[in-house]
Amino acid sequence: MHDARDAEDQRLLQAGEHKLLLAGYFMPVRDRCFFRLGTREAGDEAAQRVFVRLLGELRKGKTYPVPFRVVVWMVTEWTLRGFHQGRQEAELPEEWDPVGADAFSEWETDHDLTALFADLPQRQRQVLDLRYRLGLTPGEIAEQLGIEANAVHQALHNGHAKLKEKLRV
């Protein structure tokens, strides 16, 4: 999932489509800010600071040795750490290791899967969810859902076909 997202981000960066690039991160960043700060107003203000910072850096031509999603989540985390309503944004640490661990990888994967599976029929969504979130085998999925293994394989096949079509944007 991240490979497709990273490739699209890279394409938008190269094309100079900064607003379109940032628009793809709007809802997840806004949600993260809201959940962390607890109020919609504070979440919106923090998210706005994140995007103003990112857009400013992009317009200056700043480049990063890591996928853009990692940069987005690190800037979001830095903004949230130093956030107090009405206070100006704190400077971001220069010693940041952009190749270090991605603190939001698990959350982002979960969010990506939820968005990806949202349009699938219920059975396909259930089967793919058990397969990719919990790592169950088709036999284990069949046992848990009380259906035949063939039905699991069909749901996986049809679900994969729909996802492939969806990702072909």
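So if I place +1 on the C-beta of Lys and Arg and -1 on the C-beta of Asp and Glu, and nothing else carries charge, what would the dipole magnitude of the chain be about its Cα centre? I want it in debye, nearest 20.
Dipole magnitude for the chain comes out near 540 debye.
Quick check on the chain: helices-only [θ] at 222 nm, where DSSP H runs of length 4 and up contribute -39,500 (n - 2.57) each and the sum goes over total residues. Nearest 500, please.
Mean residue ellipticity, 222 nm, calculated: -22000 deg cm²/dmol.
Accessible area per residue, 1.4 Å probe, Å², for the stretch 1-46: what's the number?
Here the residues of the stretch 1-46 average 59 Å² of exposed surface.
What's the tally of Lys pairs in the chain whose alpha-carbon atoms lie under 29 angstrom apart, where the two lysines are 8 or more places apart or on different chains?
5
How many nm is it between the label spots at PHE35 and THR114, if each spot is 7 Å from the Cα in line with the beta carbon?
Simple spin-label model gives 0.6 nm for this pair.
What's the carbon and sulfur percent of the chain's accessible surface, probe 1.4 angstrom, rounded to a whole number?
Summing carbon and sulfur atoms, their accessible area is 52 percent of the total for the chain.
Kindly identify the stretch 1-63 as rounded, prolate or oblate by the Cα gyration tensor criterion: order the square roots of the eigenvalues as a ≥ b ≥ c, call it rounded if a/c is under 1.5, otherwise compare a/b with b/c, prolate if a/b is larger, else oblate.
Verdict is oblate for the stretch 1-63.
Where does helix 2-15 land angle-wise versus the long Cα axis of the chain, in degrees 0 to 90, nearest 10?
Once rounded, the angle reads 40 degrees.
The values are calculated or read from the model by the stated rules, or taken from the named source; none is laboratory data. This structure is a prediction, so every number in the text was calculated from the model and none was measured. Glycine also receives a Cβ, built like all others from the backbone with ideal geometry; neighbour counts cover every protein chain displayed. For accessibility, only protein heavy atoms count, side chains too; no ligands or nucleic acids. Shrake-Rupley method; radii C 1.70, N 1.55, O 1.52, S 1.80 Å.
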